[in-house]
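Nothing in this text is a laboratory measurement; each read-out follows from the coordinates by a stated rule. Computed from a prediction, not measured in an experiment: that's the story for all the values here. Note that we place each Cβ from the backbone using ideal geometry, even for glycine, and neighbour counts take in every protein chain shown.
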Amino acid sequence: MKRMLYMIAGLAALAATTADARELRVAPGAPPAHPSNSHLYLKLVEYLPEVSGGNLTAQMLGPEVVGLGQMKDALQSQLVEVGNLLPLYFPADLPNMSLAGELALSGREPHAMAAAMTEYIVTCDTCQAELKKFGVVYLGSGSSDVYALLTTKPVKTAADIKGLRLRSGGAPFSRWAENFGAVPANIGVGDTFESMSQGVIDGSMASIGDLLSFRLVELVKNITFIPLGTYHATSDFTVANSAWENLAPEERKQLATAANKANVVFTQRWGYEMASIAKEAAQKAGIQFLEPDAEFLKASEAFAEADKATAAKVSQERFGFDDAQARVDRFVALVEKWNGIVKEANGDTDAITKRLDEEVWSKIDFATYGL
């Protein structure tokens, strides 16, 4: 009888804990095969109860409910409380994030780019002001692997790329394409397969992981490994202001801790592991791996370096940043800092997570951050 009473009391306590738990509606917005589902948002669902002692949980909404293009409206309407927002979809609203995205061509180390982006946004007063105006709170970024050329026609020299129509994920990639005589196409990543299958484009400047995430392995014939930088202008965990305000400071810290851990796991998957898996799939599909000739590679690297000044100029003209060059210099310095830290970590994701917490999140006052 006493044992039964203990069991009933235990079940009652569990029910009370469950009833008191705050469940957040979260959405990655990407198709099922993309790592932002399995290694970003499902990881948040896993980590959140762990770091909060069951006080916070999450319910994940799929892309059939909210896609990447609808994330802004979903967050501002409270349909989603934590969502995967791509700032380059809204450059006029998030100019500081767009400025960091303008520096995409210089990305060579995914973990360093994600960490630099995170520190830049969290510690930038004007960045925080624009996020508040937008109605959201920022909890870190992730990064892709280094982009390559995924094409239906072979590209080894600068002459080979002339006239090709290539899907572009943002302004810096478009500038690179135009510099070498290609024609950039501003097509949503989810529309790449259809556009390529219909012959609207000849390929994409993209993560090799797109071969699997967006089924391009069925269409791509050649991959040219010319480093085109990273896609790091992300806001992986973007919290609606009202949801953030309704959390206690300790709960905000717990959410940020879970997000920080998931961001690193996601970047490891997207930036490293998935690239390796995609290469194996490409080999099985008979896709040709190509290396650019020395002259093309040298010209590409020179353009990427010169594009840093272009990024500052574009940001000043488009967003009115009088100190655009100083902002660019600060971001570049953060990339250099995190390149060193990531090298020290030697690929250890736990070590990178710890350093991000030490360098960024441990210095945040969660009673005031985002408010």
- prompt: On alpha-carbon atoms, Rg over Rh for region 44-162 using Kirkwood Rh?
  reply: 1.05
- prompt: Mind checking the dipole of region 235-371: about its Cα centre, +1 per Lys or Arg Cβ, -1 per Asp or Glu Cβ, Debye to the nearest 20?
  reply: 180
field: Answer label for volume of the Cα convex hull per residue in Å³ (calculated), chosen among (i) 150; (ii) 142; (iii) 123
entry: (i)
query: Using Cα pairs under 8 angstrom and six or more residues apart, how large is the relative contact order of the chain, in percent?
result: 23
- request: Find how many whole Å separate the alpha carbon centroid of region 236-312 from the alpha carbon centroid of region 46-104.
  value: 15
query: Within the chain, what percent of beta bridges assigned by DSSP are antiparallel, to the nearest 5?
result: 45
field: 21 Å Cα-Cα threshold exceeded, pairs from 156/279; 72/337; 132/337; 221/279; 72/132; 43/337
entry: 72/337; 132/337; 43/337
- line: Output for region 115-210: trypsin sites (Lys or Arg not before Pro) sitting in coil per DSSP, at most 12 other Cβ within 10 Å, listed by number, reads 162
- prompt: Helix 42-52 versus the longest principal axis of the chain: what angle, 0 to 90°, nearest 10, using Cα atoms?
  reply: 40
- line: Relative to the chain, whose Cα atoms define the longest principal axis, helix 294-319 and its Cα axis are tilted in degrees, nearest 10, by 60
field: Cα-Cα P(r), region 213-361, percent of pairs per 10 Å interval
entry: 8, 24, 31, 28, 8, 1
- prompt: What ranking do 117-125, 72-80 get when scored by the average of other Cβ atoms within 10 Å per residue, highest first?
  reply: 117-125, 72-80
task: Can you tell me the order of 302-310, 182-190 when each peptide is scored by its average per-residue count of other Cβ atoms within 10 angstrom, highest first?
output: 182-190, 302-310
task: Output the relative contact order of region 87-215, whole-number percent, from Cα pairs under 8 angstrom with separation of 6+ residues.
output: 24
- prompt: What 222 nm value per residue comes from the helices of the chain, counting each DSSP H run with n ≥ 4 as -39,500 (n - 2.57) and dividing by all residues, nearest 500 deg cm²/dmol?
  reply: -15000 deg cm²/dmol
statement: Measuring from the longest principal axis of the C-alpha atoms of the chain, the long axis of helix 125-134 (C-alpha) lies at a number of degrees, nearest 10, equal to 80
query: Using modelled backbone amide H atoms (1.01 Å from N, in-plane), which distant-in-sequence or interchain residues come within less than 5 Å of residue 237's amide H?
result: 139, 140
query: Which net charge results when you count Lys and Arg as +1 and Asp and Glu as -1 among the other residues whose beta-carbon is under 15 Å from that of residue 247?
result: -3
query: Any idea what the dipole of the chain comes to, in debye rounded to 20, about its Cα centre with Lys/Arg Cβ at +1 and Asp/Glu Cβ at -1?
result: 500
query: Normalised by the residues of region 18-62, what does the relative contact order come to in percent, with Cα pairs under 8 Å and at least six apart?
result: 54
query: Whole-Hz Karplus ³J(HN,Hα) for region 83-92, in order, using 6.51 cos²θ - 1.76 cosθ + 1.60 and θ = phi - 60°, x for Gly and Pro?
result: x, 8, 9, 9, x, 5, 6, 9, x, 5
